[in-house]
Structures are given as C-alpha cells and as structure tokens.
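The structure under discussion appears below in the form of structure tokens.
The values are calculated or read from the model by the stated rules, or taken from the named source; none is laboratory data. Keep in mind that what you see is a predicted model, and the values were worked out from it rather than measured. Ideal geometry is used to build each Cβ from the backbone, glycine not excepted, and the neighbour counts take in all protein chains shown. To get the accessible areas, we keep the full protein, side chains included, count just its heavy atoms, and leave off ligands, DNA and RNA. Shrake-Rupley method; radii C 1.70, N 1.55, O 1.52, S 1.80 Å.
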Amino acid sequence: PSPGTLCRTKPTDLVFIIDSSRSVRPHEFEKIKVFVSRVIEALDVGPNATRVGVVNYASAVRSEFSLRSHPSKAALLQAVRGIQPLSTGTMTGLAIQFAVSRAFSAAEGGRGNAPNFKKVAIVVTDGRPQDGVQDVSARARAAGIEIFAIGVGRVDMGTLRQMASEPLDEHVDYVESYSVIEKLTHKFQEAFCVVSDLCATGDHDCEQLCVSTPGAYRCACRDGFSLNSDGRTCTACNGGLGSALDLVFLIDGSKSVRPENFELVKKFINQIVDSLEVSDKQAQVGLVQYSSSVRQEFPLGQFKSKKDIKAAVKKMSYMEKGTMTGQALKYLVDSSFSAINGARPGVPKVGIVFTDGRSQDYISDAAKKAKDSGFRMFAVGVGNAVEDELREIASEPVAEHYFYSADFRTISKIGKKLQMKICVEEDPCECKSIMKFQTKVEDLINSLQQ
C-alpha cells in the first residue's frame, strides 16, 4: 500500500534468503535488490517493530547483515544497495539451515522467544538446489519460521513446494524472469499487513461506515450524510436524503416538432419526473415552453407532488411557431431560477433544454450566462438540431451534457448518457443528490429501451 494507507505491519523478524549463484546475471541480481527494497519500504521498520536481515547464498552462505544491524529503513535500504553477488553454486538447503541456526538467533537480533513477533523468511532462487531442502525446511517451519518461496525462470517447482509453508498457494510464487519479480512487491506488502480487513477487526476510527481495502480502509457515511474533511466523521445533509434539486425543463414547441412528437417529448419529461423525489425539501420541477415567444407553463415548486407535475405536463398545449432558443435561455437565467419563481438559494440548479432545430436568434450570451451562474445545463437535440448550438448550451465536460438523436422515437434513449458525473465539490450533499438523480435517470432510460 502506498504511504498514507493505514497498513500496520505486525512486528516481524524478516530474513531474505537470496540466491546469487552463477545463473543469476548481475543485472538480474539488481532486480532482486529492487524487489527487496520495495518490500522493505512498505514495512514499519524499527528495533521494536519489524527488523530485517539478508542472507546471500551460492556455494557458500554469507550473512549480508543481521536482524540487529540496521534499526532504520534508510540504513536498511542503503545496505541492500551494497550487496554483491557470489556467483558460484546453489546450496539452498545450507542457506535455510544457516537461517534457522544463525540468522533468527537472539545473538543476531532475533526475537523468537516473544510470542507476538512473527518470523518470516523469503527465499528467492532460480535454480535446482545442489543439496536437500526438504528436511531443513521442515525443521525451519517447526521452529516457527514462515517460509515464502519465490522461483524464477527455470527453477524446480518441486523444491519450492518442499520449502514453503502451508497453504502452498499463498507461499509459493513463480515469475518467468527477474525482470518481472517486482510484480510480487504488492503481494508481500499486503502479506505483512496485520489484518487485511481492518474494518472487520474494528481497528478503525470511522464514525459511520468503514470500507475495507486489502490492508487499509477508508471511512464513508450513510445516505443523507457526507464525509467531513477529516476523512472520519460525518455531517447530516439538509433535507432528508439531501436530494434537493431545482430542475427546469426548457421545451421547444416550434412547428417543426409536430404534434405527435410533442407528445413524445411530454412523455420523456414525465419519465424523468418519475425518477425524482419531489417535495419542498427535495426536487422541485419547473417547465417552460418556447417557440417564437417564451411561456412559463409552471414555475419551480408550484406543484408539490409527482402526480400534479405529470398532470400539468400532459395538459401543456403546443405553441407551434418559431424557434427562439436564445430568448428562452435568457428567460431561464433571469426568471426560472429566480427566488420569485420558487428557486431555492443554495440548491443545485439543473436545466434540461430540448430543441429540434436551429435557433432563429443568438444564443451565445445567454448560454454562457447560464453556465457562469453555476447552472448545470443539459442540451438535448433531435432531428434538425444543430450540434454546435447544443455544445454551446451544454455544461462542461460538454460530451457528458449534450445529446443528439435523429429521431423523436429514440428520444427515450437520450438520457442514457444523462450522467451527472461531476459533483459540486464544495458540498458532498449536493453531490450525492445529483448522483442519485443520475443513476435514477440511467435506470429509467434503460427501462425505456426495453
């Protein structure tokens, strides 16, 4: 785990037993040293925490440094850098015997008699031992040493199994070459974490929920709460589920839409309304239709229930004239989201603009103003709508906020992408409510496509 994750490593006496026989080329030996260093970097090193020793072997066995040699991580890493290969035969059994009798001994800094200290040996080899490993490994395990066996290249898998502790699948690793030995680093960093599920052991300080990752955890909060900056405690969001949202639909009623398509648009509005929690504290919906002029069908908060909103949408009559999208956007900014028209201060404002053709007036200023005011703008275009205009209306990132479909009958698929991914950073409560809205809209779109 990276620094900062809460992986406490159990105080361990750790001895690396590394093969530097002839078959291990100098550049390969460097890779072993990198691997050893990476594992050390993830440990709590210290005289009372984890101690590390290295035994280097070929035909003979050399103790590079003992468990008591280097009390700090920096000193250990420096010592590892200085290790040189021996470049002779492969006496793996001898090396393990040396570990049992010497490396883990009290004289060398081993703390074997204290029950809370683990004894771990990691053996790295690329050959077939020229001596026996089975009996000596059994003695080592009987003495309480947990053995991990890492084989590289043309290694003999049988001898790895003779060395390793049970369960074998956790203690035997194979890599095809030294160049990829580093990919085992993560496994060992996790293996030395005391508990991989810190939540389950209650070894955490989260106020509400604890989310476990191997050897680490993070805190989370229940629905309706947001995590504070300390990463630990939670604050209640206002308004129950915190799903406060002021949503205004801006609907193109120009004559090109045609009556049967206008009905499809109404249906789609109501599908989205269905996905909201409507109340004073939660979602409010407003509806504006535009053509050559702009008409507010109903303001935010006029209707307090989904049923009433849907009835009002169904009743909306169709204007059938031009397409003054710029004027409509200006109305949205100046009127729809004003307090006089029921908008609530501090509540996220979302505008969904439907159009089926090129605007007959200028939209840039009003579109910019809507976004600058902090409204989250979605642009939905059908038929002859102009993509450049849709993009101009849409909030950033534009790709997630504008949709185009050639045909009104597929309008129901459009919201598939209505993903309110980007949360309002300052207020995780708003963020949650928008995420909720997003997943609901997605579910609904999916059901429409069935």
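Tabulated data for the structure shown
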quantity: Single residue of R51, R38, R25 found to be over 21 Å from R68 (Cα atoms) and charged (D, E, K, R); calculated: R25
quantity: Conditions (1) over 18 Å from V120 (Cα atoms); (2) part of a strand (DSSP E or B); number of the one not met by N56; calculated: (1)
quantity: Top-ranked residue in the stretch 331-341 [being in contact with a helix residue (DSSP H, G or I) (Cβ under 7 Å, 6 or more places away or on another chain) and buried (at least 21 other Cβ atoms within 10 Å of the Cβ); ranked as modelled with the highest pLDDT]; calculated: L332
quantity: Pairs with Cβ under 6 Å, 6+ apart, first in the stretch 326-341 and assigned by the TED database to the domain that holds R295 and over 11 Å from G286 (Cβ atoms), second assigned to a helix (DSSP H, G or I) and open to solvent by 30 Å² or more (accessible area, probe 1.4 Å); calculated: V333/K369
quantity: Filtered residue count, the stretch 139-158, keeping only those that are assigned to a helix (DSSP H, G or I) and surrounded by fewer than 23 Cβ atoms within 10 Å (Cβ to Cβ); calculated: 5
quantity: Those residues of the stretch 160-189 which are open to solvent by less than 20 Å² (accessible area, probe 1.4 Å) and out of contact with any Gly (no Cβ under 8 Å at 6 or more places or on another chain), in sequence order; calculated: M163, A164, S165, H171, I181, L184, T185, F188
quantity: The stretch 67-80 residues that are closer than 10 Å to G109 by Cα and assigned by the TED database to the domain that holds R102, paired with ones that are among the small types (G, A, S) and in a loop (DSSP other than H, G, I, E, B) (beta carbon under 8 Å, 6 or more apart); calculated: L67/G109; L67/G110; R68/G109; S69/G109
quantity: Some residue of the stretch 248-256 being open to solvent by 10 Å² or more (accessible area, probe 1.4 Å), over 27 Å from the mean Cα position of the chain (by Cα) and at pLDDT 80 or above; calculated: yes
quantity: Of all residues in the stretch 78-91 being modelled with pLDDT under 95 and open to solvent by less than 30 Å² (accessible area, probe 1.4 Å), the one that is farthest from D19 (Cα to Cα); calculated: G89
quantity: Scan of the stretch 345-374 for residues that are within 27 Å of K321 (Cβ to Cβ), assigned to a helix (DSSP H, G or I) and acidic (D, E), ordered by number; calculated: D365
quantity: Filter pass, A164 being at pLDDT 80 or above and not assigned by the TED database to the domain that holds I32; calculated: no
quantity: Subset of the stretch 159-175 [in a helix (DSSP H, G or I) and touching a helix residue (DSSP H, G or I) at 6+ places or on another chain (Cβ under 9 Å)]; calculated: T159, L160, R161, Q162, M163, L168, E170, H171
quantity: In the stretch 307-330, the residues that are assigned to a helix (DSSP H, G or I) and either touching a Ser or Thr at 6+ places or on another chain (Cβ under 9 Å) or crowded, with 21+ Cβ neighbours inside 10 Å (or both); calculated: I309, V313, T325, G326, Q327, A328, L329
quantity: Failed item, numbered, when G132 is tested on (1) surrounded by fewer than 18 Cβ atoms within 10 Å (Cβ to Cβ); (2) outside any loop (DSSP other than H, G, I, E, B); calculated: (2)
quantity: Any hit, the stretch 304-312, residues being under 38 Å from the mean Cα position of the chain (by Cα) and in contact (Cβ under 8 Å) with a residue 60 or more places away in the chain; calculated: no
quantity: Qualifying residues in the stretch 257-270 (those that are open to solvent by 10 Å² or more (accessible area, probe 1.4 Å) and over 18 Å from A379 (Cβ atoms)) - the one nearest to the chain's Cα centre (by Cα); calculated: N270
quantity: Pairs with Cβ under 8 Å, 6+ apart, first in the stretch 250-262 and over 9 Å from Q289 (Cβ atoms) and in the same structural domain as Q296 (by the TED database), second open to solvent by less than 10 Å² (accessible area, probe 1.4 Å) and in a helix (DSSP H, G or I); calculated: V257/V265
quantity: Subset of the stretch 110-129 [touching a residue at least 12 places away in the same chain (Cβ under 8 Å) and open to solvent by 50 Å² or more (accessible area, probe 1.4 Å)]; calculated: N116, K118, R128
quantity: Pairs, first over 19 Å from G383 (Cα atoms) in the stretch 356-367, second among the hydrophobic types (A, V, I, L, M, F, W, C) and open to solvent by 10 Å² or more (accessible area, probe 1.4 Å), C-beta under 7 Å, six or more apart; calculated: A366/V333
